[in-house]
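K.L.:
Sharing a structure with you now.
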Amino acid sequence: MGAEDFLENRTFAEISLGDAASLTRAFAEDLDFFALITGDGGPSVMDTPGEKSGLARETISHGLFTGGLIASVLGTKLPGLGTIYLEQSLQFLNPVGIGDSVTATVIATRKDEEKSQISFDCRCVNQKSECVAQGSALVRAPREKMRLPRMELPDVQLSRHQRFRALLGRAAGLPPLATAIAHPCDANAIGAAVEAAKAGLISPILVGPKAKIEAAAKTAKVDIAPYRLVDAPHSEAAAAAAVALVTRGEAQLLMKGSLHTDELLRAVLAPESNLRTGRRLSHVYLFDVPSYPKPLLVTDAAVNIAPGIEEKRDIIQNAIDLAHVMGVAEPKVALLSAVETVNPKIKSTLDAAALCKMAERGQIQGGLLDGPLAFDNAISPAAAAEKGIVSPVAGQADILLVPDLEAGNMLAKQLSFLAGADAAGVVLGARVPIILTSRADAERTRMASCAVAVLIARAAKAAS
């Protein structure tokens, strides 16, 4: 091992006034990481909409980045190992933008022999030689010499939320759509509706028992006075009334509140609703997975329990249409199974082979299909290459068709809870998109689901 493979400190006695050290790093968009290490995941750090939050994000990221860069110089170079940080005072003179290269320099200016303390002047400059921060730091320098091997730090992958922020930005720039919300009778449901309204995504019509809705709003501490309220005695009646609002053209979107999903979909599928099309209803999850380079659609994990060939055809077509709305011109659809070869004993492999032939014959349009593919072969180019799979879909899927609801539900929850993925969900196949969220969903999921529905409805209107 060479000298570059070790960290070696400089003791208090080895440091003279005027000694200096520097470190240069590029400023990447690490706001979520800053939020993680500081414990501040609140709206001022994480949210996108609004001038105020933008200023908060800029101030926090600037301070944390430059302050952390200076601390890194002191902790790894001068004095280095064993340094105890006592004080820091900084002025922020110019903004630090994404992609800027910043050099932090510390210069020893004063030594206190009795306390083993050293004061440093600190200065950060960008690639244009502009000073972005300056100030001072006080440390207790080590008295003993230390030398340790450098550690190879693991890659840290955090959800950037950037795709969902862009999604919200696209939808928030459009006029809000009237949205019938069926039975928003708990704090989560009513809170989600109000937050989406404040973000400019929807104009809520609250449908359900008036007393329960008002009680839920009080619990959630939200003001529902600006919104229309349609009284309905119970959840089943609320579902029917919400669907009727859409049928009459008074609402352009339908949103699930705190009732059961089957209650709402039963009202949607009722003959008098006039919301059915020639398509099967199906649910699509839109995931932003930190370790995957693009959005990933998973279907169906919420509506169809054990779909057959005809149902899967509609499920795929619904997902392809959504991918088109999201800007993917020719989405790659991976038909998942446990293996990548057709096996007569595994139904999902037979379904995949038949669906690929249907796509060749024009029965499924607008996307590239391949399957059966195991999950790893669908999303990992390395895994696909290892198996010798030559395919325009393998390793780079945009859409994952799961064999059944159980597999889809487990996959979706694994992506959310183990992979840290952001998720948005919507039901397609009706005349309007249906926003289907659950009480366990984070606020970002609810907002993104509303944004997806808004974009779908706008695209359908533009195409008509």
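Read-outs: derived from the displayed coordinates by stated rules, not from any lab. Bear in mind that the values here come from a model prediction, so they are computed numbers and not experimental data. Here Cβ is always computed from backbone atoms with ideal geometry, including for glycine, and neighbour counts include all displayed protein chains.
K.L.:
Compute the Rg/Rh shape ratio of segment 206-334: radius of gyration over Kirkwood radius, all on alpha-carbon atoms.
P.N.:
1.04
K.L.:
With unit charges on the beta carbon (Lys/Arg positive, Asp/Glu negative), name the residue among CYS124, ALA459, SER136 whose Cα is farthest towards the positive pole of the charge dipole of the chain.
P.N.:
Most positive-ward Cα: ALA459.
K.L.:
Between GLU8 and ASN94, what is the FRET efficiency for a Förster distance of 25 Å, r being their Cβ-Cβ separation, to the nearest 0.05? Provide the component values of the computation, followed by the final result.
P.N.:
Details: r = 34 Å, r/R0 = 1.35.
Computed FRET efficiency for GLU8 and ASN94: 0.15.
K.L.:
Considering the values (i) 52, 30, 17; (ii) 35, 29, 20; (iii) 39, 29, 18, which represents semi-axes √(5λ) of the Cα gyration tensor in Å as calculated for the structure under consideration?
P.N.:
Among (i) 52, 30, 17; (ii) 35, 29, 20; (iii) 39, 29, 18, the one derived from this structure is (i).
K.L.:
What is the order of VAL328, VAL132, VAL402, fewest Cβ neighbours within 10 Å to most?
P.N.:
Numbers: VAL328 18, VAL132 24, VAL402 27.
With the fewest neighbours first, VAL328, VAL132, VAL402 line up as VAL328, VAL132, VAL402.
K.L.:
Continuing with this model, one more query. What does the charge dipole of the chain about its Cα centre add up to, to the nearest 20 debye, if the Cβ of each Lys and Arg holds +1 and the Cβ of each Asp and Glu holds -1? Walk me through the numbers before you get to the answer.
P.N.:
Working: 47 positive and 51 negative charges, 161 e Å.
That gives a dipole near 780 debye.
K.L.:
How much length is gained on full extension from ASP262 to THR24, taking 0.36 nm per residue of separation minus their Cα-Cα distance?
P.N.:
Result for the pair: 80.0 nm of gain on full extension.
K.L.:
I would also like to ask the following. If you project the alpha carbons of segment 304-398 onto their three principal axes, what span does each projection cover, largest first, in Å?
P.N.:
Result, largest extent first: 33, 30, 25 Å.
K.L.:
Longer than 23 Å from Cα to Cα, which of LYS312/LYS345; LYS332/LYS461; LYS294/LYS347; LYS332/LYS357 are they? Say none if no pair is. Spell out each step's value before the answer.
P.N.:
Values: LYS312/LYS345 19 Å; LYS332/LYS461 25 Å; LYS294/LYS347 29 Å; LYS332/LYS357 15 Å.
Listed pairs above 23 Å: LYS332/LYS461; LYS294/LYS347.
K.L.:
On to the next question. Using a 10 Å cut-off on Cβ atoms, rank the peptides 362-373, 344-355 from the highest mean neighbour count down.
P.N.:
Numbers: 362-373: 19.6, 344-355: 16.9.
With the highest mean Cβ count within 10 Å placed first, the list reads 362-373, 344-355.
K.L.:
Using +1 at the C-beta of Lys and Arg and -1 at the C-beta of Asp and Glu, which of MET358, THR341, LEU74 has the Cα lying farthest in the positive direction of the dipole of the chain?
P.N.:
Of the candidates, MET358 comes out farthest on the positive side.
K.L.:
Place the peptides 288-297, 266-275 in order of packing, highest mean first, counting for every residue the other Cβ atoms within 10 Å and averaging per peptide.
P.N.:
Working: 288-297: 17.2, 266-275: 15.6.
By packing density, highest mean first, the sequence is 288-297, 266-275.
K.L.:
Which parts of segment 246-286 would a label at ASP404 reach, counting a residue when its backbone N lies under 19 Å from a point 7 Å out along Cα-to-Cβ?
P.N.:
282-283
K.L.:
Moving on to the next point. Under 1.5 on a/c is rounded, so check that first for segment 170-276, then, if it is not, pick prolate when a/b is larger than b/c and oblate when it is not; a ≥ b ≥ c are the square roots of the alpha carbon gyration tensor eigenvalues.
P.N.:
Working: a/c = 1.94, a/b = 1.16, b/c = 1.66.
The shape class here is oblate.
K.L.:
Report the number of Lys pairs in segment 111-270 whose alpha-carbons are under 17 Å apart, with separation of 8 or more residues or on distinct chains. Please list the in-between numbers first.
P.N.:
Numbers: LYS198/LYS221; LYS210/LYS218; LYS210/LYS221; LYS210/LYS256; LYS212/LYS221; LYS212/LYS256.
For segment 111-270, the number of qualifying lysine pairs is 6.
K.L.:
Could I ask something else about it? Taking Cα atoms, how many degrees apart are the long axis of helix 443-463 and the longest axis of the chain, rounded to 10 and kept between 0 and 90?
P.N.:
Compared with the principal axis, the helix lies near 50 degrees.
K.L.:
With +1 assigned to the C-beta of every Lys and Arg and -1 to the C-beta of every Asp and Glu, and no other charges, what is the dipole magnitude of segment 208-295 about the Cα centre in debye, to the nearest 20?
P.N.:
Values: 12 positive and 9 negative charges, 39 e Å.
Dipole magnitude for segment 208-295 comes out near 180 debye.
K.L.:
Suppose R0 equals 60 Å; then what is the FRET efficiency for ALA385 and ALA459 from their Cβ-Cβ distance, rounded to the nearest 0.05? It would help to have the intermediate numbers written out before the result.
P.N.:
Numbers: r = 36 Å, r/R0 = 0.60.
E(calc), rounded to 0.05, equals 0.95.
K.L.:
On a 0 to 90° scale, report how tilted helix 347-360 is relative to the longest principal axis of the chain, with both axes built from alpha carbons and the result rounded to the nearest 10.
P.N.:
80
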